[in-house]
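Novice: Have a look at the structure that comes next, please.
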Amino acid sequence: MSATLDKLAYTTPEACRLLSIGPTTLYSLSKQGKLTPVKIGRATRWRRDDLMQLISPQPSQPTTASSPCA
């Protein structure tokens, strides 16, 4: 396994590279509650598990729309 995936938390630039997004999008995801940053002193880190959950396939949601029965 690569050393990058062995980390528990990533810096903002590392998280952006991992997700192939920019820092503005990363912080936007944080504001939406999809990611939670961890502050260590003045440093901001992003949890590996949170990043992996964001990019992992989500189970399909059952549709609730009813269809007419004949």
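Novice: Only residues that are basic (Lys, Arg) and touching a residue at least 12 places away in the same chain (Cβ under 8 Å): list them for the range 1-52, please.
Specialist: 7, 34, 45, 47, 48
Novice: Does residue 44 meet the test of being open to solvent by 100 Å² or more (accessible area, probe 1.4 Å), modelled with pLDDT of 95 or more and out of contact with any Lys or Arg (no Cβ under 8 Å at 6 or more places or on another chain)?
Specialist: Here the answer is no, as residue 44 does not meet what is asked.
The values are calculated or read from the model by the stated rules, or taken from the named source; none is laboratory data. This one's a predicted model, so the numbers in the text were calculated from it and none came from an experiment. Glycine also receives a Cβ, built like all others from the backbone with ideal geometry; neighbour counts cover every protein chain displayed. Note: areas computed on protein heavy atoms with side chains; ligands, DNA, RNA excluded. Shrake-Rupley method; radii C 1.70, N 1.55, O 1.52, S 1.80 Å.
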